[in-house]
Amino acid sequence: MHSDDILDLLFRDARSHSVWTDQVVSESTLRKLYAALRFGPTSANTSPARFLFLVTPAARERLRPHLSQGNTEKTMTAPVTVVIGYDLHFYEKLAELFPHNLEARSWFEGKAELIQA
């Protein structure tokens, strides 16, 4: 695929969807998606993103009180909803994620402004 085609696919022609098919998204597909997302470039491999894949109606129902009215129906009917957050204590994992510099934790620990950035 040409780089211009990729830009079209990801940005220029991409649109938000509000309706879904009733097709189940397999665990294998979700694992492949996570594998692609989890190692996105971050400062010092900190990888602060956390992904929660909600695949059951009961799991999505727990979101209902936190959704805007305009997003409730499409979230409840989606085969999968992904909640993406970030871990403010990501530096605790740096010995695993950035093992070639064991001092990396000290770069962030106790430095709220840097953690937020």
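The values are calculated or read from the model by the stated rules, or taken from the named source; none is laboratory data. Nothing here was measured: the structure is a model prediction, and the numbers come from that model. Side chains are part of the model used for accessible areas, which takes the heavy atoms of the whole protein and leaves out ligands, DNA and RNA. Shrake-Rupley method; radii C 1.70, N 1.55, O 1.52, S 1.80 Å.
Key figures
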quantity: Residues of the chain: accessible area per residue with a 1.4 Å probe, Å²; calculated: 78
quantity: Candidate lysines - alpha carbon under 29 Å from residue 93, same-chain residues fewer than 8 apart omitted; calculated: 32, 111
quantity: Estimated 222 nm signal from helices in the chain, with DSSP H stretches of n ≥ 4 weighted -39500 (n - 2.57), rounded to 500; calculated: -9000 deg cm²/dmol
quantity: Between segment 14-52 and segment 67-108, the alpha-carbon center distance in angstrom; calculated: 11
quantity: Rotationally averaged projected area of segment 1-115 (alpha carbon convex hull; nm²); calculated: 10.4
